[in-house]
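K.L.:
I'd like to ask you about the structure that follows.
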Amino acid sequence: LIPILPSYGTGRDVDSEQRYRPLIFASNVTRLSLTGGGVVDGQGETWWVKHFARQLLWSRPRLVECMYCTDVLIEDLTFQNSPFWTIHPYASQGVTVRRVTVTAPGWAPNTDGVDPDSCRDVLIQDCVFKAGDDGVAIKSGLNEYGRSFGMPSENIRVENTTVEPEFDNGSTNGVSIGSEMSGGVRNVTVDGLFVANCAVGVYIKSMDGRGGVVEDISFRNVVAEQVIEPIRFAMDYTYRRRRRLGALEGDGGDDGGGDDDDTTPYFRNLSVINLTATRAVVAGTFEGLPASQIEGVYLKDVTVTGKDPGSTQRGSGTGGYRQEGPQFDGPKFKCRNVSGIAIRTAPEACF
């Protein structure tokens with residue numbers, strides 16, 4: 001067992017001061033390399049079953065975790081069947097994950113591919129994720145613990161990435177930011193993403209009480225096939241810790257108000273350029289809060305179709321913002337408490 005992460009204040013599965021140690025673990029290491037080919041198998045099924053049965057004494061281990069490390073290289077390896085998050089760089093700088101494959105069954109809970117957490121100067125390149133949760137999930141701590149830790153995730157590039165689980169389990173997403181983002185996330189570029197059989201393609205998620213700022217985020221050259229919702233930037237996420245030990249919101253008890261419901265998150269300067277999606281149900285959602293409008297959304301060359309795209313025609317601007325491009329019957333955008341600009345976007349944006 002090792003201590004819980006200081007920017008989370010508790011375990012993920014079990015409220016406690018300790019957690020199971022990752023299979024591969026490094027702390028305060030400089031020039032750390034995991035390379036050379038081969039397979040790392042986390043043999044996670046026992047952990048997943050205990051998680052669903054609520055039989056865990058402590059929170060599940062990550063497969064690989066590096067804490068407070070500098071100059072990390074993870075390259076040319078396959079990681080499979082992680083008990084929990086697969087590769088978790090934490091409070092580290094100069095991290096490269098290249099030509100890595102992550103696999104797990106579609107039902108395997110929380111088996112994210114790579115989760116940079118309060119990290120800076122990160123490159124994730126030429127990777128394939130076929131697991132049971134987000135391909136890449138960028139984080140920076142939870143609620144007051146993340147804000148107190150005060151280390152944002154910043155200067156992150158995700159390039160030429162594939163996220164294609166065996167089926168959509170309702171919670172698998174392509175590349176996400178949050179919902180644990182209380183320390184802030186900024187200057188992120190995702191360029192070259194193929195995502196299929198997922199709930200959401202590109203996802204920025206938070207909620208009232210998280211705090212933190214997500215800003216200067218760019219998604220470029222995205223292809224989404226059979227993704228329910230290609231774009232979702234929303235502050236209506238529901239996961240949070242309660243003060244009562246052993247309980248999570250949504251487990252049937254009283255909400256308890258969360259940890260810091262009066263602390264508001266902020267999203268600003270978010271762009272999606274050259275995204276094509278087919279067989280979608282919803283074109284995208286932009287959901288701010290009454291006290292925190294999502295600011296500076298920029299959509300350009302975005303086309304989303306369902307199974308039957310229908311006819312197209314030129315659309316006009318709405319809400320005082322410029323809108324150029326075709327309009328058709330099919331998946332629609334949903335907007336509330338958001339401002340932005342859309343150029344050559346179909347269907348018409350709702351800003």
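All of the numbers you see were taken from the coordinates with simple rules; none came from a lab. Because the structure is predicted, anything quoted here is derived from the model rather than measured. Here the Cβ is made from the backbone with ideal geometry for all residues, glycine too, and neighbour counts use every protein chain on show.
K.L.:
Dipole size in debye (nearest 20) for the chain around its Cα centre, Lys and Arg Cβ +1, Asp and Glu Cβ -1?
P.N.:
160
K.L.:
Long-range amide H contacts for ASP236: which residues qualify at under 5 Å (H placed 1.01 Å from N, peptide plane, sequence gap of 5 or more or a different chain)?
P.N.:
Here SER206 satisfy the definition.
K.L.:
Between Rg and the Kirkwood Rh of the range 40-195, both from Cα atoms, what is the Rg to Rh ratio?
P.N.:
Value, to two decimals: 0.95.
K.L.:
Taking amide H positions as placed in the peptide plane 1.01 Å from N, state which residues far from THR103 in sequence (5 or more) or on other chains have amide H under 5 Å from it.
P.N.:
PHE79, GLN80, ASN81, LYS130
K.L.:
Working only with C-alpha atoms, what are the Rg and Dmax values of the range 18-81, expressed in angstrom?
P.N.:
Calculated on Cα positions, Rg and Dmax stand at 13.7, 40 Å.
K.L.:
Describe numerically, in nm with one decimal, the distance between label points set 7 Å from Cα along Cα→Cβ at ILE343 and at SER171.
P.N.:
Result for the modelled spin labels: 3.9 nm.
K.L.:
Per-residue counts of other Cβ atoms within 10 Å, averaged by peptide: what ranking do you get for 55-65, 108-118, highest first?
P.N.:
108-118, 55-65
K.L.:
How would you rank 47-54, 134-141, highest first, on the average number of other Cβ atoms within 10 Å across their residues?
P.N.:
In descending order of packing, they fall as 134-141, 47-54.
K.L.:
Ok, one more. Skipping prolines and chain starts, which residues have an amide H placed within reach, meaning under 5 Å, of the one on ALA283, given they are 5 or more residues away or on another chain?
P.N.:
Long-range HN contacts for ALA283: LYS332, PHE333.
K.L.:
Here are labelled values, (i) 18.4; (ii) 16.0; (iii) 30.8, and one is the computed mean projected area of the Cα convex hull in nm² for what I pasted. Which one?
P.N.:
(ii)
K.L.:
Starting from the Cα of ASP126, step 7 Å toward the Cβ, then list every residue of the range 56-100 with an amide N under 18 Å from that point.
P.N.:
72-79, 95-100
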